[in-house]
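Take a look at the structure below.
The values are calculated or read from the model by the stated rules, or taken from the named source; none is laboratory data. Fair warning: this is a prediction, and the values are worked out from it, not measured in the lab. Backbone-built Cβ (ideal geometry, glycine too); neighbour counts: all protein chains shown.
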């Protein structure tokens, strides 16, 4: 038996973005905008694809007509990208042939199946015994690779870290025997800790040497990013993330937060990502949700702000340098505004800048017009200060009113993590 390789930049295949699936179920999204519009999804997709994301997880079109329409829009956008640069859409589907076929009919060739082998799932969820689960997995997965040679199949054991190992192995055996390319080990309730993660990952890598492993860590107890880092360093191939870590309840690992932490371990982990655009993506989500980037998001402006003088010097060293590489400055929202390609992606950052940092009350149409003029001058800009001054001059033509003083106060307090 060959030796088991521990994690390194060569074993990490990247993040899987689940903003459009798990992120869409976030309480923040529900409270602020109800759901992402099709155009917002396309804007975010353009930004993340340019950033370096290669796999986007979405709902199965079987869920409802709106999700089917949004999936079709994303498929159409992907078809405009040169074939050697196209990212993949992965449909999050129940272990059910109807769900799978719905995604396949929609043109998806990456299926993310899920089914729990823990006691709660078997008692109050799908209600199947381990034997019945194995039969369902065989019925659903077998033959998929023969019918669709270009397909990629992942099977996740929901609540993997609170599942009896013997039972988890039993359902994973069935998945691998029937063609699974990857096994998912979601920490669905955020209960996993370092020792438990290392034990499970090492045992799975030893037992299933020819499949990928995928982590998906919830943040109920605040461990989503450290648990994800542990999995990567133990050799897990993929980690599910989302912008801001948006997901159900307290969320999952933040996309930019995880890459920020991996960069500190070894920059080679993030060599395929345009990390300088990290803060722009975070502010883009802030513009969509009408909220500042969360104060506890690692890649945020607040993470460069100190009140206590004793702390100021420390951030002048590694922390500030790393944050600047991830685009965390006021001016980095502006310089290179064309770096996030797509018809609309730039204006989200401009509006966020004008509203959250300059306190202007600016509409979508005004932000788009200002962005168009600002981008037209981008070749002539001489550094960050010049970019900032040019934007202010352009904005001044529109006689933008300032936000009411109480609204300015709310933004300042929220940016500092104070609820008002």
Here are some residues: 201, 270. Which one is over 24 Å from residue 25 (Cβ atoms), buried (at least 24 other Cβ atoms within 10 Å of the Cβ) and not assigned by TED's automatic domain parsing to the domain that holds residue 332?
270
Does residue 157 satisfy being closer than 24 Å to residue 247 by Cβ, in contact (Cβ under 8 Å) with a residue 40 or more places away in the chain and in contact with a helix residue (DSSP H, G or I) (Cβ under 8 Å, 6 or more places away or on another chain)?
yes
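Given 24, 90, which one is buried (at least 23 other Cβ atoms within 10 Å of the Cβ), touching a residue at least 24 places away in the same chain (Cβ under 8 Å) and either out of contact with any helix residue (DSSP H, G or I) (no Cβ under 8 Å at 6 or more places or on another chain) or not assigned by TED's automatic domain parsing to the domain that holds residue 212 (or both)?
Numbers: 24 fails: buried (at least 23 other Cβ atoms within 10 Å of the Cβ).
Within the list 24, 90, the selection yields 90.
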Among what's in segment 101-119 and is at pLDDT below 95 and in a loop (DSSP other than H, G, I, E, B), pick the residue that is surrounded by the most Cβ atoms within 10 Å (Cβ to Cβ).
117
Any residue that is out of contact with any strand residue (DSSP E or B) (no Cβ under 6 Å at 6 or more places or on another chain) and in a loop (DSSP other than H, G, I, E, B) - is there at least one of those in segment 93-100?
yes
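Each row is one residue, and each column tells you yes or no for (1) modelled with pLDDT of 95 or more; (2) surrounded by fewer than 16 Cβ atoms within 10 Å (Cβ to Cβ); (3) farther than 30 Å from residue 286 by Cβ; (4) not assigned by TED's automatic domain parsing to the domain that holds residue 55.
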site: 173; (1), (2), (3), (4): yes, yes, yes, no
site: 185; (1), (2), (3), (4): yes, no, yes, no
site: 192; (1), (2), (3), (4): yes, no, no, no
site: 196; (1), (2), (3), (4): yes, yes, yes, no
site: 210; (1), (2), (3), (4): yes, yes, yes, no
site: 215; (1), (2), (3), (4): yes, no, no, no
site: 240; (1), (2), (3), (4): yes, no, no, no
site: 246; (1), (2), (3), (4): yes, no, no, no
In segment 103-123, how many are touching a helix residue (DSSP H, G or I) at 6+ places or on another chain (Cβ under 7 Å) and over 19 Å from residue 183 (Cα atoms)?
2
Unique residue being assigned to a helix (DSSP H, G or I), modelled with pLDDT of 90 or more and more than 20 Å from residue 403 (Cβ to Cβ) when the list is 259, 354:
259
Taking segment 374-388 and keeping only residues that are more than 10 Å from residue 334 (Cβ to Cβ), at pLDDT 80 or above and out of contact with any helix residue (DSSP H, G or I) (no Cβ under 7 Å at 6 or more places or on another chain), one is left with 376, 380
Search segment 288-302 for residues being farther than 19 Å from residue 321 by Cα and surrounded by 24 or more Cβ atoms within 10 Å (Cβ to Cβ), and hand back the single one that is farthest from the chain's Cα centre (by Cα).
292
Single condition residue 248 does not satisfy, out of (1) touching a helix residue (DSSP H, G or I) at 6+ places or on another chain (Cβ under 9 Å); (2) farther than 23 Å from residue 186 by Cβ:
(2)
